[in-house]
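Here the structure is laid out as structure tokens; the discussion comes afterwards.
The values are calculated or read from the model by the stated rules, or taken from the named source; none is laboratory data. What you are looking at is a predicted structure, and each value in this text was computed from that prediction instead of being measured. Please note: Cβ atoms are built from the backbone with ideal geometry, for glycine as well, and neighbour counts cover all protein chains shown. What goes into the accessible areas is simple: the full protein's heavy atoms, side chains included, and nothing from ligands, DNA or RNA. Shrake-Rupley method; radii C 1.70, N 1.55, O 1.52, S 1.80 Å.
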Amino acid sequence: MGGRLRVFLTQQQDKTLLKLRTADVPQKVKDRAEVIRLNAHGWYVEKIAAHFNWTPQTVRKVLHKWSHLGMEGLWESPGRGALQVWKEEDIEFLKECLKNEPRTYNSL
């Protein structure tokens, strides 16, 4: 078991994190906010990890991000994953291939 990791919240921070429960934000953000609130209310890392079915390392990572970044640490960093860049000539090539291909393809 690692050392005791604890965050402390002001009353305003606690209210802000509580409001995220009903806000239109991704579920990951809501879960991270709840992890921070539970820790501030005295829950141990291992107990929070068991509650969310996460590893203790994941809970510690969330708490460390909160300590270093604050509210920004709740959201995913920009640039996650490769961006798809379709050029006009790519679309035209696919259209020509589909015209010449005897099979039918369904796609959204």
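Per residue, the accessible area of segment 34-108 comes to 81 Å² when a 1.4 Å probe rolls over the protein heavy atoms. With springs only between Cα atoms under 10 Å apart, run a GNM on the chain and tell me which of VAL25, VAL59, VAL45 wobbles the most. Looking only at VAL25, VAL59, VAL45, the largest GNM fluctuation is found for VAL25. For VAL7, the residues whose modelled amide H falls within less than 5 Å of its own, excluding neighbours fewer than 5 places apart on the same chain, are ALA40. The fraction of accessible area contributed by carbon and sulfur in the chain is 54 percent, rounded to a whole number (1.4 Å probe; ligands and nucleic acids excluded). The angle separating the long axis of helix 56-69 from the principal Cα axis of greatest extent in the chain is about 90 degrees. For LYS30, which lysines qualify as cross-link partners when the Cα separation must be under 23 Å and same-chain residues fewer than eight apart are set aside? Within the straight-line cut-off, LYS30 pairs with LYS15, LYS19, LYS47, LYS61, LYS65.
Straight-line cross-link reach from LYS95 at under 22 Å between alpha-carbon atoms covers these lysines, not counting any fewer than eight positions away in the same chain: LYS87.
Taking the Cβ of VAL62 as the center, what net charge do the other residues with Cβ under 15 Å away carry, scoring Lys and Arg +1 and Asp and Glu -1? Cβ neighbours under 15 Å give a net charge of +4. Calculate the tail of P(r) for segment 6-61: the fraction of all Cα-Cα distances greater than 12 Å, expressed in %. For segment 6-61, the share of Cα pairs beyond 12 Å comes to 63 percent.
Using only alpha-carbon positions in the chain, the gyration tensor eigenvalues give semi-axes of 45, 15, 13 Å once each is multiplied by 5 and square-rooted (largest first).
Using equal-weight Cα scatterers in the Debye expression, the normalised intensity of segment 54-108 in log10 at q = 0.12, 0.14 Å⁻¹ is -0.58, -0.62.
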